[in-house]
Amino acid sequence: MTAAVVVIGVGNEYRRDDGIGPALIAALEDRWLPGVRLLVSDGEPARLIDDWSGVPLAIVVDAVLCEPSDPGEFYRTEVPLHQHTAAGSAEPAAEVHTHSAGSHSLGIPDALRLGEALDHLPQRLVVYAVEAADVSFGTDFSAPVADALPRLVDAVLAELKSARTVAR
């Protein structure tokens, strides 16, 4: 059975706040989430494309560095995909402008461009970008990112509940 939703936590758990994606997946693993596949990713575009290709909904969580910075804040973006014209041709997927916080130099924007070219995108893509404070080596989160994790879990669970309601 194919999952209706995939939740992908992007990041490196050994780079402090960059580990927020994997931490979210760990927090969700003990929950009963039928039809949901939980994955941890290093953000490599080819793997992201394989993980989300053809899925009705992909939710991706990643740490980002912002200027000015407000560590612990997170932002939800639904990325518009496959905008079809009346003639039936697909317009390009929207650009996503984020700067990954982790050690992965390529990321979601690169995966979107490649997925568009290969026609391997999810039907819907929701990205949660969490502002990081510290991506140095270590396994502890900064205080603002640690405080954000329970709110992030609640937001993703609400997203999953909403997706099930819409799918009915």
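Between Asp110, Asp154, the distinction of being in a helix (DSSP H, G or I), among the charged types (D, E, K, R) and modelled with pLDDT under 95 belongs to Asp110 only. Can you tell which of Gly19, Gly9 is within 15 Å of the chain's Cα centre (by Cα), in a strand (DSSP E or B) and either aromatic (Phe, Trp, Tyr) or at pLDDT 95 or above (or both)? Of the residues listed, the single one that is within 15 Å of the chain's Cα centre (by Cα), in a strand (DSSP E or B) and either aromatic (Phe, Trp, Tyr) or at pLDDT 95 or above (or both) is Gly9.
Would you be able to tell me the number of residues in the range 13-57 that are of a type in the set (Phe, Trp, Tyr) and more than 18 Å from Ala158 (Cβ to Cβ)? Of the residues in that region, 2 qualify.
In the set (1) surrounded by fewer than 24 Cβ atoms within 10 Å (Cβ to Cβ); (2) at pLDDT 95 or above, the condition left unmet by Cys66 is number (2).
The values are calculated or read from the model by the stated rules, or taken from the named source; none is laboratory data. All figures in this text were calculated on a predicted structure; none of them were measured in a lab. So basically every Cβ, Gly included, is an ideal-geometry build from the backbone, and we count neighbours across all protein chains shown.
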